[in-house]
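Enquirer: Please find one structure pasted underneath; my questions will follow.
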Amino acid sequence: MSDWVVVVRCGSNLNITLSTIYFDKWGSATKQPMIVVDDWIEGLIKSREQGFHHALFVDSGTVFVDWPEWVNLINNYPHQGLIGHIIWHPGKMPYLHSQCWFMRTDMSVCDQSTVTHPLPIRSEKNLHDNYTPLWIKPSSQSVSYEIMDFSQLLISDQLSHNLPVMNWNNLARDLKKFLYDDSSLSDLDDVFRSYISLAESQLWVLNNEKIEIQDCTHLLCPGSGLFWVLNLVSPKCKSIQIVDISHTQTKFCQSLWEHWSGDNYGQFVYEFISKNKILHYELDQADLDPLTRLKLKNPKRLIECINEKFQQNINALGYTNEEFISMWIESKKSKTLKIERGNLVDWVIEKQGLGGNDSIWTSNIMNYKWTMLHTTQERYDRFKELIK
């Protein structure tokens, strides 16, 4: 986690921008401090109030390819307080493109229409074309002009303190994209293809969160881990509708329902993984250390580990193994399970509610990179309204 804050300005494709800051390339939470604002001044004020001396200002539509790599770049970047996409067209004064800049939070940014500061001079070289200097720095002369962009206030303050402004280098440009319009969304295919493929083929054998039995007769939920299994055997439950983005998860749920006896969960999981050549599966922790993962490559250890976790789950609900087996077999005879591959958020919105179910369990999908990539803030709000 960095010691600076990210300030994100609301706008088109906000969800996509947030998804690449909240999560790393493979969907693990970054725990990055962040402030979402409507305008830059609000972001500057809040970052100061929270005690941050530096902030990365990001406009909606900016996409980070690998956030930890980006943080490492920032933390090691040669700068003196202001980095951005410097644009300096001939005959005009320089400014920073709004997509992303890094700055000191102690800059004096007043409500003014004109600025006076040392006349900037620029590097001979450009990053591309003839209007992207590697840097600008103050000269001994001064200049006054009417500002056309908020970032010119930042440049003015920097130059007035006899400090240079640095442009983002080519590595920064490789780690970041910007969606200039909706047609640019297709450019993200290469950025997210590997992650989306992973998420849509992931198998969750157990749950990260504590499993609680829902007080309902008809339940709507994702198919991850044992949550739906343990809820289905609950006496009050009559039916469960599963909606999950992972084709592997839905296939696993269907296989459990049709072929599992209720005994030796670990053996069933191992055989499913082996038969279907599953590469990506998680137990109760997505961040198992490499040594533990290596040990669990051994079939016997994997089966024992899963069965131990399974036993802990049913014991926590007051069931013995024999009682659970009996309840599972009876549930298969008397209860209904429907399984559908899809986005639970979209499913609820399209149904205008829970689709006849009286309760919903969302697991972690509301704080999941895949969901954030595919869901605008408006659809998030609509989903929350419908599941109240």
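Enquirer: Can you list residue pairs whose Cβ atoms sit under 9 Å apart, with the first residue in segment 130-156 being in contact (Cβ under 8 Å) with a residue 24 or more places away in the chain and the second being part of a helix (DSSP H, G or I) and of a type in the set (A, V, I, L, M)? Count only pairs 6 or more apart in sequence or on different chains.
Expert: Once the first residue is in contact (Cβ under 8 Å) with a residue 24 or more places away in the chain and sits in segment 130-156, its partners that are part of a helix (DSSP H, G or I) and of a type in the set (A, V, I, L, M) give Ile136/Ile155; Ile136/Leu159; Lys137/Leu159; Pro138/Leu159; Ile147/Leu153; Phe150/Ile41.
Enquirer: State all residues of segment 85-111 that are in contact with a Leu (Cβ under 8 Å, 6 or more places away or on another chain) and surrounded by 11 or more Cβ atoms within 10 Å (Cβ to Cβ); if no residue qualifies, say none.
Expert: His85, Ile86, Ile87, Leu96, Cys100, Trp101, Phe102, Met103, Arg104, Thr105, Met107, Val109
Enquirer: Does at least one position in segment 79-101 carry a residue that is within 30 Å of Asp129 (Cβ to Cβ) and part of a helix (DSSP H, G or I)?
Expert: To start, the set of residues in segment 79-101 that are within 30 Å of Asp129 (Cβ to Cβ) comprises 79-101.
Among the residues that remain, those that are also part of a helix (DSSP H, G or I) are: none.
Looking for residues that are within 30 Å of Asp129 (Cβ to Cβ) and part of a helix (DSSP H, G or I), one finds none in segment 79-101, hence no.
Enquirer: Another question about this same structure. Would you tally the residues in segment 158-208 being within 24 Å of Ile87 (Cα to Cα) and either at pLDDT 90 or above or in contact with a Gly (Cβ under 7 Å, 6 or more places away or on another chain) (or both)?
Expert: Total satisfying the criteria: 22.
Enquirer: Every residue in segment 1-36 that is more than 13 Å from the chain's Cα centre (by Cα), touching a residue at least 40 places away in the same chain (Cβ under 8 Å) and surrounded by 15 or more Cβ atoms within 10 Å (Cβ to Cβ), please.
Expert: Ser2, Trp4, Val5, Val6, Val7, Val8, Arg9, Asn13
Enquirer: What about Phe268, is it in a helix (DSSP H, G or I), modelled with pLDDT under 95 and touching a helix residue (DSSP H, G or I) at 6+ places or on another chain (Cβ under 9 Å)? Step through it out loud before you land on a result.
Expert: Numbers: in a helix (DSSP H, G or I): yes; modelled with pLDDT under 95: no; touching a helix residue (DSSP H, G or I) at 6+ places or on another chain (Cβ under 9 Å): yes.
Criteria not met by Phe268.
Enquirer: I would also like to ask the following. Scan segment 345-357 and report the pairs whose first residue is in the same structural domain as Arg382 (by TED's automatic domain parsing) and whose second residue is polar (S, T, N, Q), with Cβ atoms within less than 6 Å and a gap of 6+ or a chain change.
Expert: Val345/Thr375; Asn357/Gln241
Enquirer: Here is a list of conditions, (1) at pLDDT below 95; (2) within 22 Å of Asn264 (Cβ to Cβ); (3) not small (Gly, Ala, Ser), and Gln249 meets all of them except one; can you say which number that is?
Expert: Single failed check for Gln249: (1).
Enquirer: Only one residue in Val71, Val58 is in a strand (DSSP E or B) and in the same structural domain as Pro120 (by TED's automatic domain parsing). Which one?
Expert: Working: Val71 fails: in a strand (DSSP E or B).
Just one listed residue meets the conditions, Val58.
Enquirer: Are there any pairs with C-beta distances below 6 angstrom linking a residue in segment 187-201 that is under 12 Å from His247 (Cβ atoms) to a residue that is modelled with pLDDT of 90 or more and part of a helix (DSSP H, G or I), with the two at least 6 apart or on different chains, and if so which?
Expert: So the pair list comes out as Ala199/Trp370; Ser201/Thr248.
Enquirer: For segment 233-264, which positions are touching a Leu at 6+ places or on another chain (Cβ under 8 Å), under 20 Å from Tyr319 (Cα atoms) and assigned to a helix (DSSP H, G or I)?
Expert: Trp257 - this is the single residue of segment 233-264 that is touching a Leu at 6+ places or on another chain (Cβ under 8 Å), under 20 Å from Tyr319 (Cα atoms) and assigned to a helix (DSSP H, G or I).
Enquirer: Same structure again: Identify all residues within segment 305-327 that are within 36 Å of the chain's Cα centre (by Cα), assigned to a helix (DSSP H, G or I) and either acidic (Asp, Glu) or under 19 Å from Gln214 (Cα atoms) (or both); write none if there are none.
Expert: Those that are within 36 Å of the chain's Cα centre (by Cα), assigned to a helix (DSSP H, G or I) and either acidic (Asp, Glu) or under 19 Å from Gln214 (Cα atoms) (or both): Glu308, Phe310, Gln312, Asn313, Ile314, Asn315, Ala316.
Enquirer: A further question follows. It is to be established whether one or more residues within segment 286-302 are assigned by TED's automatic domain parsing to the domain that holds His218, surrounded by 14 or more Cβ atoms within 10 Å (Cβ to Cβ), among the charged types (D, E, K, R) and closer than 18 Å to Ala199 by Cβ.
Expert: no
Enquirer: Ile273 fails exactly one of the following numbered conditions: (1) closer than 19 Å to Ala199 by Cβ; (2) surrounded by 20 or more Cβ atoms within 10 Å (Cβ to Cβ). What is the number of that condition?
Expert: For Ile273, the failing item is (2).
Enquirer: When segment 358-380 is examined, which residues are found to be over 21 Å from Leu185 (Cβ atoms) and not aliphatic (A, V, I, L, M)? Steps first, answer last, please.
Expert: Restricting attention to segment 358-380, the residues satisfying the condition of being over 21 Å from Leu185 (Cβ atoms) are 358-367.
Once the filter is applied, which keeps residues that are over 21 Å from Leu185 (Cβ atoms) and not aliphatic (A, V, I, L, M), segment 358-380 yields Asp358, Ser359, Trp361, Thr362, Ser363, Asn364, Asn367.
Enquirer: Now, a different point. Would you check which residues across segment 2-48 are more than 20 Å from Asn367 (Cα to Cα) and part of a helix (DSSP H, G or I) and list them?
Expert: Trp40, Ile41, Glu42, Gly43, Leu44, Ile45, Lys46, Ser47, Arg48
Enquirer: Could I ask something else about it? Are there any pairs, at least 6 apart or on different chains, whose C-beta atoms fall under 7 Å, with the first in segment 358-384 and under 16 Å from Leu18 (Cα atoms) and the second aromatic (Phe, Trp, Tyr) and not in a helix (DSSP H, G or I), and if so, which?
Expert: Lys369/Phe23
Enquirer: Taking the criterion of being farther than 27 Å from Asp174 by Cβ, of a type in the set (S, T, N, Q) and touching a residue at least 24 places away in the same chain (Cβ under 8 Å), would at least one residue in segment 57-72 satisfy it? Full working, then the answer.
Expert: Within segment 57-72, the subset farther than 27 Å from Asp174 by Cβ is none.
Within segment 57-72, not a single residue is farther than 27 Å from Asp174 by Cβ, of a type in the set (S, T, N, Q) and touching a residue at least 24 places away in the same chain (Cβ under 8 Å).
Enquirer: Got a sec? Which of Asp106, Asp129, Asp111 is out of contact with any Cys (no Cβ under 7 Å at 6 or more places or on another chain), outside any strand (DSSP E or B), under 16 Å from Leu159 (Cα atoms) and modelled with pLDDT under 95? Walk me through how you get there before you give the answer.
Expert: Working: Asp129 fails: under 16 Å from Leu159 (Cα atoms); Asp111 fails: under 16 Å from Leu159 (Cα atoms).
Exactly one residue qualifies, and that residue is Asp106.
Enquirer: Sticking with this structure for a sec: Give Asp174, Asp187, Asp149 a once-over and let me know the one that is within 33 Å of the chain's Cα centre (by Cα), within 30 Å of Thr248 (Cα to Cα) and of a type outside the set (S, T, N, Q). Explain how you work it out, then say what you get.
Expert: Values: Asp174 fails: within 30 Å of Thr248 (Cα to Cα); Asp149 fails: within 30 Å of Thr248 (Cα to Cα).
Matching residue, one of Asp174, Asp187, Asp149: Asp187.
The values are calculated or read from the model by the stated rules, or taken from the named source; none is laboratory data. Only a predicted model underlies this, so the values are computations on that prediction, with no experimental measurement involved. A quick note on method: Cβ atoms are made from the backbone with ideal geometry, for glycine too, and the neighbour counts reach across all protein chains shown.
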